[in-house]
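Engineer: This is the structure, below, for whatever I ask next.
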Amino acid sequence: MNKTVSLYTLGCKLNFAETSAIGKQFIGNGYKVVGENEKADVYVINTCTVTENAEKDCRQVVRKFLRNNPEAFVIVTGCYAQLRPEQIAGIDGVDLVLGSKEKFDVFSYLRTNSKNETACIFTSPTEQLNSEFGKAYSSEADSRTRAYFKIQDGCDYKCSFCTIPLARGQSRSMKPDEAVRHFNQLLEEGYKEIILTGVNVGDFQTSTGDGLIYLLKELNRINGDFRLRISSIEPNLLIPEIIELVASSDKFCDHFHIPLQSGNDKILRLMQRRYSVKDYEKVIHEVARRIPSAGIGVDVISGFPGEDENDFLDTYNFLKDMPVSYLHPFTYSERPDTKAIDFQGKVDVAIRRKRTNMLRILSEKKRFEFFQKASDSVLNVLFESNNEEGRIKGFSSNYIRCETAYDGDLVNNIVPVRITNITPSICTTELAFEKSVALI
């Protein structure tokens with residue numbers, strides 16, 4: 001009987017891709033992957049360190065897994081494991097802690113499934129991460145429709161609030177010919193949408209110094225029935241050539257996720273971001289001008305040290321007036337080993353949360369307005385395989401969550417639809433043409 005493993009991911013889409021790569025190691029060694037609520041012989045938790053809650057979540061997940069099987073072997077890896085291995089080793093029930101490099105070679109460290117009295121720790125210094133590039137991709141919700149494809153890792157930026165460079169090392173990229181080869185493999189496996197992901201995707205570099213635009217052009221030349229989506233990209237790296245390529249090609253989704261973090265120049269300087277508010281505004285308006293249908297998402301942090309009420313209102317009002325589609329608000333949390341932890345002007349936690357809530361409400365308004373604007377147009381939706389109470393769901397090219405009556409013929413097809421009803425989170429749709437035409 002096969003041994004079983006259950007995998008759990010905390011954090012970003014890149015982590016999901018890397019968890020999938022870990023899962024493939026277990027499958028290759030004769031394990032069967034089971035769900036997170038099932039009893040398993042081994043549990044693997046891939047962690048994040050972006051927020052304080054992510055670290056607390058790790059402890060909660062360990063406890064949950066040990067309730068499923070008190071004798072299970074528990075492995076914790078990822079960014080939190082890289083930065084705070086001793087803390088994780090101190091969590092009751094953890095048997096093995098693997099750093100950012102070690103997670104791509106689990107079975108060099110997994111000697112036995114018998115529980116340890118004390119956790120074993122294997123992590124490499126940050127500088128040793130710089131020469132490693134662990135290949136990874138994952139499918140969303142275990143479907144064969146959308147794949148997250150890792151093309152870049154690490155970060156050379158020194159944002160004062162961020163621990164990612166310590167957890168993942170310097171920026172490094174997959175070789176373009178390897179990226180093209182793996183991309184084609186994903187297409188052969190049946191994926192219709194591939195999301196390019198990484199820690200700082202826009203910093204993708206070839207050995208000859210060509211940037212992300214080089215790889216995008218190479219992928220754009222590939223024939224096939226698929227579409228490309230670029231994950232979060234820094235505003236200073238979203239160059240006009242990328243915007244123009246996305247605008248002119250039918251291969252690219254009309255969607256960008258562009259972190260802002262603050263709409264106040266004083267706070268941006270304290271954060272050590274690489275752009276001004278006016279720089280950001282210029283990028284957003286250029287996207288909106290060249291791709292009027294584009295969905296634009298924004299990361300924003302509330303309650304950063306030194307942010308007074310007027311600074312926050314600058315951010316709020318700036319975003320209110322921008323042609324963006326939705327926000328991802330984050331409440332600032334102090335992270336060890338960052339410059340910002342020692343900054344003066346700490347904002348009361350209750351005020352931080354209040355500001356985050358204001359941004360969430362603004363996001364709901366922006367999203368609803370975007371849905372309304374899109375209701376007059378035809379949306380190209382990639383439908384997924386799940387039948388949820390007679391409904392089938394998918395994402396449009398410009399990242400609108402859509403649903404319609406379940407029809408197996410729609411699964412893993414990019415289908416033109418029109419919106420018939422709008423809710424705050426999802427749009428009900430119908431086929432824009434007869435099915436025989438829509439599925440061509």
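The values are calculated or read from the model by the stated rules, or taken from the named source; none is laboratory data. What you see is a predicted model, and the numbers here were worked out from it, not measured in a lab. We place every Cβ from the backbone using ideal geometry, glycine too, and count neighbours over all the protein chains shown.
Engineer: Restricting the range 385-406 to residues that are out of contact with any Leu (no Cβ under 9 Å at 6 or more places or on another chain) and outside any strand (DSSP E or B), which is surrounded by the most Cβ atoms within 10 Å (Cβ to Cβ)? Show your work before the answer.
Structural biologist: In the first step, residues of the range 385-406 are kept if they are out of contact with any Leu (no Cβ under 9 Å at 6 or more places or on another chain); the result is 385-391, 393, 399, 401, 403, 405-406.
From what's left, outside any strand (DSSP E or B): 385-387, 389-390, 399, 406.
Working: Ser385: 16, Asn386: 15, Asn387: 13, Glu389: 5, Gly390: 7, Tyr399: 19, Tyr406: 16.
The residue in question is Tyr399.
Engineer: Mind checking whether some residue in the range 149-172 is closer than 16 Å to Phe252 by Cβ and in contact with a Ser or Thr (Cβ under 8 Å, 6 or more places away or on another chain)? Walk me through how you get there before you give the answer.
Structural biologist: Let us first name the residues in the range 149-172 that are closer than 16 Å to Phe252 by Cβ, namely 149, 151.
Next cut, in contact with a Ser or Thr (Cβ under 8 Å, 6 or more places away or on another chain) only: 149, 151.
Yes - at least one qualifying residue is present in the range 149-172.
Engineer: Follow-up question, since we're still on this one. In this structure, does Lys366 turn out to be in the same structural domain as Ile296 (by TED's automatic domain parsing) and in a helix (DSSP H, G or I)?
Structural biologist: yes
For (1) β-branched (Val, Ile, Thr); (2) surrounded by 16 or more Cβ atoms within 10 Å (Cβ to Cβ); (3) within 23 Å of Val50 (Cβ to Cβ), each residue gets a yes or a no:
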site	(1), (2), (3)
Leu319	no, yes, yes
Glu334	no, no, yes
Val349	yes, no, yes
Ser363	no, yes, yes
Gln372	no, no, no
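Engineer: Additional query: Among the residues of the range 214-229, is any in the same structural domain as Arg146 (by TED's automatic domain parsing) and in contact with a Gly (Cβ under 9 Å, 6 or more places away or on another chain)?
Structural biologist: Within the range 214-229, the subset in the same structural domain as Arg146 (by TED's automatic domain parsing) is 214-229.
From what's left, in contact with a Gly (Cβ under 9 Å, 6 or more places away or on another chain): none.
No, the range 214-229 contains no residue that is in the same structural domain as Arg146 (by TED's automatic domain parsing) and in contact with a Gly (Cβ under 9 Å, 6 or more places away or on another chain).
Engineer: Out of the residues in the range 59-78 that are farther than 19 Å from Phe16 by Cβ and in contact with a Leu (Cβ under 9 Å, 6 or more places away or on another chain), which is surrounded by the most Cβ atoms within 10 Å (Cβ to Cβ)?
Structural biologist: If we take residues in the range 59-78 being farther than 19 Å from Phe16 by Cβ and in contact with a Leu (Cβ under 9 Å, 6 or more places away or on another chain), then Val74 is surrounded by the most Cβ atoms within 10 Å (Cβ to Cβ).
Engineer: Hey, can you tell me all the residues within the range 215-241 that are within 16 Å of Gly190 (Cα to Cα), free of Cβ contacts under 8 Å to residues at least 60 places away in the same chain and more than 18 Å from the chain's Cα centre (by Cα)?
Structural biologist: Result: Ile222, Asn223, Gly224, Phe226.
Engineer: When you look at Asp299, is it out of contact with any Cys (no Cβ under 6 Å at 6 or more places or on another chain), in a strand (DSSP E or B) and among the acidic types (Asp, Glu), yes or no? I'd like the intermediate steps shown before the answer.
Structural biologist: Details: out of contact with any Cys (no Cβ under 6 Å at 6 or more places or on another chain): yes; in a strand (DSSP E or B): yes; among the acidic types (Asp, Glu): yes.
The answer is yes for Asp299.
Engineer: Another question, then. Name the residue that is nearest to Asn68 (Cα to Cα), counting only residues in the range 1-23 that are free of Cβ contacts under 8 Å to residues at least 40 places away in the same chain and of a type in the set (Ser, Thr, Tyr).
Structural biologist: So, considering only residues that are free of Cβ contacts under 8 Å to residues at least 40 places away in the same chain and of a type in the set (Ser, Thr, Tyr), the one nearest to Asn68 (Cα to Cα) is Thr4.
Engineer: Select from the range 37-58 the residues that are modelled with pLDDT of 90 or more, in a loop (DSSP other than H, G, I, E, B) and either within 23 Å of the chain's Cα centre (by Cα) or surrounded by fewer than 17 Cβ atoms within 10 Å (Cβ to Cβ) (or both) and list them in ascending order.
Structural biologist: Across the range 37-58, the qualifying residues are Asn37, Glu38, Lys39.
Engineer: Specify the residue that is modelled with the lowest pLDDT; the eligible residues are those in the range 132-178 that are farther than 30 Å from Ile341 by Cβ and charged (D, E, K, R).
Structural biologist: My answer is Asp142.
Engineer: How many residues are surrounded by 22 or more Cβ atoms within 10 Å (Cβ to Cβ), under 18 Å from Ile296 (Cα atoms) and aliphatic (A, V, I, L, M) if we restrict to the range 262-279?
Structural biologist: 0
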